[in-house]
1. Within the group Val59, Val54, Val34, which residue is within 11 Å of the ligand (Cβ to nearest atom) and either without any contact (Cβ under 8 Å) to a residue 12 or more places away in the chain or not in a helix (DSSP H, G or I) (or both)?
2. Scan the stretch 37-51 residue by residue and report those that are within 17 Å of Gly5 (Cα to Cα) and either more than 10 Å from the ligand (Cβ to nearest atom) or of a type in the set (A, V, I, L, M, F, W, C) (or both).
3. Against the definition (open to solvent by less than 50 Å² (accessible area, probe 1.4 Å), away from the ligand (no atom under 13 Å from the Cβ) and not aromatic (Phe, Trp, Tyr)), how does Gly181 come out, yes or no?
4. Are there any pairs with C-beta distances below 7 angstrom linking a residue in the stretch 74-89 that is over 14 Å from Leu151 (Cα atoms) to a residue that is part of a loop (DSSP other than H, G, I, E, B) and not small (Gly, Ala, Ser), with the two at least 6 apart or on different chains, and if so which?
5. Which condition number does Asp92 fail, the rest of (1) modelled with pLDDT under 95; (2) open to solvent by less than 50 Å² (accessible area, probe 1.4 Å); (3) among the charged types (D, E, K, R); (4) not in a loop (DSSP other than H, G, I, E, B) being met?
6. Based on this model, can you work out whether Leu140 counts as within 16 Å of the chain's Cα centre (by Cα) and under 19 Å from Asp92 (Cβ atoms)?
7. Answer yes or no: is there a residue in the stretch 26-46 that is touching a Gly at 6+ places or on another chain (Cβ under 6 Å) and within 25 Å of Leu160 (Cβ to Cβ).
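The values are calculated or read from the model by the stated rules, or taken from the named source; none is laboratory data. Here the structure is a predicted model, which means the values were calculated and not measured. In this analysis, Cβ positions are derived from the backbone assuming ideal geometry, glycine residues included, and neighbour counts consider all displayed protein chains. The accessibility values were calculated without ligands, DNA or RNA, using every heavy atom of the protein model including side chains. Shrake-Rupley method; radii C 1.70, N 1.55, O 1.52, S 1.80 Å.
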Amino acid sequence: MGAPGAGKGTQSKTLVDSLSIIQISTGDILRSAVEGESSLGLEAKAYLTAGNLVPDEIVIKIIEERIILDDCKKGFILDGFPRTREQAVALDEILKKNNMSLNSVVFIDVPEKELITRLLKRAEIENRPDDNLLVIKNRLEVFKKKIEGLLGYYKEKNLLKFVDGTGNSPEVNSRIVRALGI
Ligand code: ADP
């Protein structure tokens, strides 16, 4: 978990390479659905463009269908899910139903000023439609509204690892590896 621009995607990809497990990014799944104009994409497009959360039932269904596939058997990293307490509760139920459980929840912590700088830089490189200042600010607001509930949920379960997300990406990776004890 982490704010937009915290490095969830980058760090997940590095871990995927070193752990030989897969990454499930709800953001990537939704973006490719939008690009492919599938019915999911058509439903999700307006939320993504505005930087709002796609409704819980849609993303929960995505996860429910994804984690039962064969390539998840060895384990997976969830990137960008859950983002609300309701999604976290649903995730627990889905995992239980499939005899799976969470090992750890990593929160990548980056100050807001740094997040905005990173996202604006990414806007120049990647051309993501939601990386413009207005939408970035909304994404950060949405994040702030939801994060306390989520952190509380996982703190209670003793799963939460806080990681300093400043510095370059290898530095952050070593902090995550240390926090996970892997
Ligand atoms: P970022 O964290 O930088 O915003 P993501 O790729 O994780 O990037 O998410 C992009 C967008 O996809 C979000 O603004 C939201 O509209 C949608 N999205 C991704 N994951 C979720 C989720 N778990 N719940 C609801 N919406 C989501």
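1. Val54
2. Selection gives Leu48, Ala50.
3. So Gly181 does not fit the description; no.
4. Lys74/Ile21; Gly75/Ile21; Phe76/Ile21; Phe76/Ile67; Ile77/Ile21
5. (1)
6. Considered against the rule, which asks whether it is within 16 Å of the chain's Cα centre (by Cα) and under 19 Å from Asp92 (Cβ atoms), Leu140 comes out as no.
7. Yes, the stretch 26-46 has at least one match.
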